[in-house]
Amino acid sequence: MLREFISVFDMFKIGVGPSSSHTLGPWRAALAFLQHLQEKQCYPEAVYVHLYGSLAKTGKGHGTDLAAVMGLMGEDPVTCDTESLSVKMQQVKQRKQLPLGGHIDVAFDPDTNIRFHRQESLPFHPNGMIFEAYVGDQLALNETYYSVGGGFIVKEGEQTGYVQTSHADIPYPIDTAADLLYWCQTTGNSISELVIENELAIRDEASIRKGLMQIWEVMCQCVYRGCHRNGELPGGLHVKRRAAELNRRLLKGYVDQDYSDWIGRIRDTAIAFHEILDWVCCFALAVNEENAAFGRVVTAPTNGAAGVIPAVLHYLTVFRKHDQPEDIQRFLLTASVIGGIFKKGATISAAMGGCQAEIGVSAAMAAAALTEALGGTQRQCLMAAEIAMEHHLGLTCDPVGGLVQIPCIERNTMGAVKAITAAQLALQSNPDLAKVSLDAVVKTMWQTALDMNEKYKETAEGGLAVHIPLGLSEC
């Protein structure tokens with residue numbers, strides 16, 4: 001029987017920053033529209049993009065306009081040259097033409113062909129967009145898409161709740177934490193063992209393990225780049241990168257040769273608690289500074305929260321010495337199913353649920369994964385996830401200037417530290433005595449999201465976004 005299935009490769013997607021909802025999602029929607037044009041053999045003379053709700057309010061700060069253009073050009077967010085994106089966007093602006101699919105020039109001026117409908121929202125989700133293709137004055141084709149968090153997109157008329165997934169005949173259907181625990185108790189499998197059995201329904205084991213290590217490699221390179229790049233982040237907030245300077249101070253000016261040399265040096269020199277804490281923060285800062293600079297990151301489960309899981313996974317591999325491929329794969333598999341439970345039972349979109357849906361979910365994922373990697377039981381893993389989310393409930397999304405910088409970058413450091421703390425608490429606790437279940441926290445998070453004022457949901461209309469006098473023009 002075919003069932004909805006959120007794969008580990010749905011939860012962890014390689015893409016471009018700064019936002020999975022506002023950058024990667026619209027990029028993937030533009031690619032989907034481009035594919036539809038090709039299937040219909042439609043050759044437009046002009047294309048328009050209409051952005052609504054949260055996408056319109058903070059879209060420029062999140063690079064939504066750039067993402068839409070890159071998608072329409074046929075650029076792949078997994079493999080594109082991230083260093084050339086701004087140059088390609090500038091060429092489109094100067095020529096007022098867009099190479100649709102990379103081949104056919106169509107009339108396109110980003111200033112007029114991308115329209116920000118800031119006072120309107122589409123009915124299904126705050127992150128709505130419409131693509132239109134014109135031949136002459138006639139509308140030849142239009143499609144409506146929603147970016148529902150974590151780089152997931154839903155096409156109008158094809159949505160099922162708030163989950164866009166593949167379908168597979170999986171042996172262990174999991175929608176809730178209770179489902180996950182039931183199958184673990186029934187089979188005797190660990191959480192990661194259960195997840196890989198489900199993954200085997202759609203791909204072979206060698207492909208699964210290779211794909212997981214590719215995700216880890218992208219995370220490692222992102223951390224490394226972020227710890228070695230200086231300068232100011234784009235967008236007008238004049239935020240200075242901090243990870244590289246922190247890296248230099250912690251290593252006392254040591255110049256490494258490559259990632260392996262760098263990690264070896266860190267492992268040899270960081271012994272005290274405060275030193276390890278500094279490095280966890282540095283790892284998280286590095287990823288989200290790269291994310292803010294339109295670098296290549298892995299949604300985990302979103303771009304805005306992309307630093308938590310790499311930071312905690314580096315804590316596991318560097319300081320706890322669990323650095324074998326099977327350790328890394330077990331971590332990612334466990335984290336993914338926890339993210340799927342939140343996506344099915346609540347949301348991973350800040351436009352729907354505030355930052356609790358991003359940093360909170362990423363911390364819960366990391367906490368459960370770290371707990372299993374350190375030898376915790378299945379119930380201790382679920383307890384760790386519950387603890388991590390419980391202490392993120394109500395966290396608002398209030399990006400200053402509509403950019404994924406303040407307070408987003410620092411929030412990743414806090415999420416990583418909370419995840420490690422939650423794992424330690426769970427490992428030293430008896431889950432039989434817990435008063436709160438993970439499913440209760442998922443339900444509470446969703447109810448909190450529904451009750452939360454819209455201005456605290458990635459609109460830049462509340463919280464820090466309106467109380468930091470930076471003198472920015474509208475983003």
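Please treat every number below as a calculation from the coordinates, not as lab data. Quick caveat: nothing in here was measured; it's all calculated off a predicted structure. Cβ atoms come from the backbone with ideal geometry, glycine included; neighbour counts cover every protein chain shown.
Taking amide H as placed 1.01 Å from N in the peptide plane, the amide H of V16 sits under 5 Å from that of V297, each at least 5 places away or on another chain. When the Cα positions of V49, F108, V361 are compared along the charge dipole of the chain, V361 comes out farthest toward the positive end, with charges on each C-beta of Lys, Arg, Asp and Glu.
What angle do you read, to the nearest 10 degrees and between 0 and 90, between the alpha-carbon axis of helix 325-345 and the longest principal axis of the chain? It is inclined by approximately 60 degrees.
Partner aspartates and glutamates whose Cα lies under 13 Å from the Cα of K457, excluding those fewer than 8 positions away in the same chain, are identified as E358, D398.
Mind checking the angle between helix 205-226 and the chain's longest principal axis? C-alpha axes, 0 to 90 degrees, to the nearest 10. Once rounded, the angle reads 80 degrees.
The HN-Hα couplings worked out from phi for the stretch 369-376 by the Karplus form 6.51 cos²θ - 1.76 cosθ + 1.60 (θ = phi - 60°) are 5, 5, 4, 5, 4, 8, x, x Hz, whole numbers, x standing for Gly and Pro. Counted residue by residue at 0.36 nm each, then reduced by the alpha carbon distance between them, the extension gain from L139 to D76 reaches 20.0 nm.
Estimated at 0.36 nm per residue, the fully extended path between V255 and Y43 surpasses their Cα-Cα distance by 71.0 nm. An ellipsoid equivalent to the stretch 62-149, defined through the eigenvalues of its Cα gyration tensor, has semi-axes of 22, 18, 13 Å when rounded to whole angstrom and sorted largest first.
If R0 is 56 Å, the Cβ-Cβ spacing of Q90 and N189 corresponds to a FRET efficiency of close to 0.60. When each of S349, S362, S336 is scored by the number of other beta-carbon atoms lying within 10 Å, the sequence from fewest to most is S336, S349, S362. Backbone geometry of the stretch 87-98 corresponds, through the Karplus equation with coefficients 6.51, -1.76 and 1.60 at θ = phi - 60°, to 3J(HN,Hα) couplings of 5, 5, 5, 5, 5, 4, 5, 6, 7, 6, 9, 10 Hz, x marking Gly and Pro. Note on T459, T413, T377: ascending count of other Cβ atoms within 10 Å places them as T377, T413, T459, the fewest first.
For M11, M414, M352, the sequence from fewest to most other C-beta atoms within 10 Å is M414, M352, M11.
Reducing the stretch 253-279 and the stretch 324-346 to their Cα centroids gives an inter-centroid distance of 27 Å. Residue-wise HN-Hα couplings along the stretch 244-255, as the Karplus relation 6.51 cos²θ - 1.76 cosθ + 1.60 with θ = phi - 60° gives them from phi, are 5, 5, 5, 4, 5, 5, 5, 9, 6, x, 4, 9 Hz; Gly and Pro carry x.
Rounded to the nearest 0.05, what FRET efficiency do H167 and A32 give with R0 = 30 Å and r taken as the Cβ-Cβ distance? Could you check? The value I calculate is 0.95.
Taking the inverse of the mean reciprocal distance over all distinct Cα pairs, the Kirkwood hydrodynamic radius of the stretch 13-76 comes to 12.0 Å. Taking the centroid of alpha carbons for each part, the stretch 1-69 and the stretch 362-436 are 29 Å apart. Given R0 = 30 Å, the distance between the Cβ atoms of L433 and E275 translates into a calculated FRET efficiency of 0.35.
For the pair E454 and E326, the difference between a 0.36 nm per residue extended length and the Cα-Cα distance amounts to 41.9 nm. Descending by average beta-carbon neighbour count within 10 Å, the peptides 307-318, 194-205 line up as 307-318, 194-205, the highest first.
Less than 5 angstrom separates the built amide H of A140 from those of A133, Y134, V135, all sequence-distant by 5 or more or on a different chain.
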